[in-house]
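**Student:** Following this message is one structure expressed as structure tokens.
Coordinate-derived values only; no laboratory data. Bear in mind that the values here come from a model prediction, so they are computed numbers and not experimental data. Reconstructed Cβ throughout: ideal geometry from the backbone, glycine too, with neighbour counts over all protein chains shown.
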Amino acid sequence: MKLSELIDQTYIIGKYDDVDIKSLSLNSTECSKGSLFFAIKGSTADGNDFIDQAVGNGASAVATESGRSNNRANIVRIRSIREVVAVAARRFYMKGDIETVGITGTNGKTTTSYLIDSILNTAKIHSGMIGTIAYKDSKSHIDAGMTTPDPVSLWKSISDMKDNGDSFIVMEVSSHAISQQRIFGINFKEKIFTNLSQDHLDYYKTMENYERSKLSFFNDNSTAIINGDSQTGRKIIQSHKDAITYGFNKDNFIHPVNFTLSKKKTTALISMGKNIIEIKSVLLGEYNLYNIMAALGFAYTEGIDPETAKKGIEYLRYVPGRIEKIKYGDIDIYIDYAHTPDALCNVGNCIKNLNYRHIITVFGAGGDRDKLKRSMMAEEVEKFSDVAMVTTDNPRNEDPMKIIKDIMKGFNKKNYVVESDRREAIKKAISVAKNGDAILIAGKGHETYQIIKGERHYFSDQVTVRELLAER
């Protein structure tokens, strides 16, 4: 494909050689003969610093907003590079279009996407998923590097899924993907908003900026499916008068008439327009009822009959690392991805309401991320836990003990133990648990690694628990 076919002239400043392009890359080390390298300035690295490396590896053209020159390079000076890379990636990989639903919010994106995927499969609609756990469909599975990948990876995944026979994409949309225009050019058929609570302030600095990113996702005419109980959701509804709303308040289009929660399942009668749907789901807790209602909202907009939607929800047996239960005699061990104050509050209250004798919580906080939420996480854990084990999560490039000290500032009681080694913390939690107790291991969920001093090491909460139980 010619370079001029990938980048519109309106974005280009000056002259360039209109060469054949055989691949697109945001990584200079992956460039080869025929590559178009996009030199993007990010928050931690500047792609312009790697132009020489990209050219040395064979790149046939370099697109950049910078005025830097390179005598060996075919430099294409452009404006709005993030838009350019998204448009170019779509043109390079994609033929035709594919229906897509986008799900955004601080928490609940992954579970909602799994519910929707299950509904679509039950309705005999082949779908692909792009999200926090993986980019996958019935024929392929790639472990996710980030919730919403860069535009080159994103469009390649969408194209591959379409080639695999998928006719619908279920996509988690992170705030970073919105702000960095990774999703520019995607024609979302439906957009779902789950909730908003504190996270990512290392990037956004203020909650107002974070909220603004989420609100900007809903600046078009896509069908909006909105959590009407949320303050941010109500702001979206103001500009989407025909939005499908869901929540516990009875004025929402979709709401529970009544529900019961147990250690094994959630049972609810849910009102959706003229329909009352009885749902029996293994997804526990009130917060998962929100996710279920969001998925029902999607089914409604797609014209999927309520009985099929019900079956799709009930067919979903679990979501990896989302209140995932391992039984050990009369002790229940829950592994969950909760790594924000609100998520810990939700999963903690869910477990607390199941009437266990004691709750023991193992948790930490990520390094190089929002530091303000660390003490807030401790405040939430203290509310529902009888004992807390404070440990590492992904310290990344930070000193683990400094992160732990930040967490400890949020405790008002002395019902916590510090153990920086995550395996040892889990081992201690298991050793003190008695019959009738619950253990919550929070923060990592589905992840199979820890990032310590910038290096990735294998670590799985699930595998660790099973190994420790086998040793007893």
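**Student:** From the cross-link list Lys109/Lys325; Lys136/Lys162; Lys405/Lys428; Lys41/Lys156; Lys263/Lys413, which pairs have alpha carbons spaced over 18 Å apart? Working shown, then result.
**Tutor:** Working: Lys109/Lys325 20 Å; Lys136/Lys162 12 Å; Lys405/Lys428 20 Å; Lys41/Lys156 22 Å; Lys263/Lys413 28 Å.
The pairs that break the limit, which is 18 Å between Cα atoms, are Lys109/Lys325; Lys405/Lys428; Lys41/Lys156; Lys263/Lys413.
**Student:** Next question, about the same structure. Charges at C-beta only: +1 for Lys and Arg, -1 for Asp and Glu. How large is the resulting dipole of segment 3-81 about its Cα centre, in Debye rounded to 20?
**Tutor:** Numbers: 8 positive and 10 negative charges, 30 e Å.
It comes to approximately 140 debye.
**Student:** I've got another one for you. Could you tell me the center-to-center distance, by alpha carbons, between segment 122-193 and segment 214-275 in angstrom?
**Tutor:** Cα centres, segment 122-193 to segment 214-275: 23 Å.
**Student:** Okay, next question. Charges only on Cβ, +1 for Lys and Arg, -1 for Asp and Glu: so what's the dipole of the chain about the Cα centre, in debye to the nearest 20?
**Tutor:** Numbers: 63 positive and 60 negative charges, 100 e Å.
The calculated dipole for the chain is roughly 480 debye.
**Student:** Then there is this: Could you tell me, in Å, what Rg and Dmax come out for the Cα atoms of segment 94-315?
**Tutor:** 16.6, 48
**Student:** What value does segment 3-81 have for Rg/Rh, both radii from Cα atoms and Rh as Kirkwood defines it?
**Tutor:** Values: Rg = 11.2 Å, Rh = 12.2 Å.
Across segment 3-81, the Cα-based Rg/Rh ratio is 0.92.
**Student:** As a check on your grasp of the helix formula, calculate [θ] at 222 nm for the chain: sum -39500 (n - 2.57) over DSSP H runs of n ≥ 4, divide by the residue count, round to the nearest 500.
**Tutor:** Working: 16 runs with 160 residues, N = 472.
Mean residue ellipticity, 222 nm, calculated: -10000 deg cm²/dmol.
**Student:** Which of rounded, prolate, oblate describes segment 324-471, given a ≥ b ≥ c as roots of the alpha-carbon gyration tensor eigenvalues and a/c under 1.5 marking rounded, otherwise prolate only if a/b is larger than b/c?
**Tutor:** Details: a/c = 1.75, a/b = 1.21, b/c = 1.44.
Oblate.
**Student:** Next question. For the chain, place one equal point scatterer on every Cα, skip the solvent, and apply the Debye formula. What is log10 of I(q)/I(0) at q = 0.13 Å⁻¹?
**Tutor:** -1.25
**Student:** Across segment 403-472, what fraction of all alpha-carbon pairs, as a whole percent, falls in each successive 10 Å bin from zero upward?
**Tutor:** Percent of Cα pairs in each bin: 15, 47, 32, 6.
**Student:** What list of ³J(HN,Hα) couplings, whole Hz, do you get for segment 95-112 from phi and the Karplus terms 6.51, -1.76, 1.60, once you set θ to phi - 60° and write x for glycine and proline?
**Tutor:** Those phi angles translate into 10, x, 9, 8, 5, 9, 10, x, 10, 10, x, 5, 10, x, 4, 5, 4, 4 Hz.
**Student:** Something else: Counting only Cα atoms, I'd like the Rg/Rh figure for segment 220-261, Kirkwood definition for Rh. Walk me through the intermediate numbers first.
**Tutor:** Numbers: Rg = 11.1 Å, Rh = 10.7 Å.
Across segment 220-261, the Cα-based Rg/Rh ratio is 1.03.
**Student:** Angle between the Cα long axis of helix 151-163 and the longest principal axis of the chain, 0 to 90 degrees, nearest 10?
**Tutor:** 80
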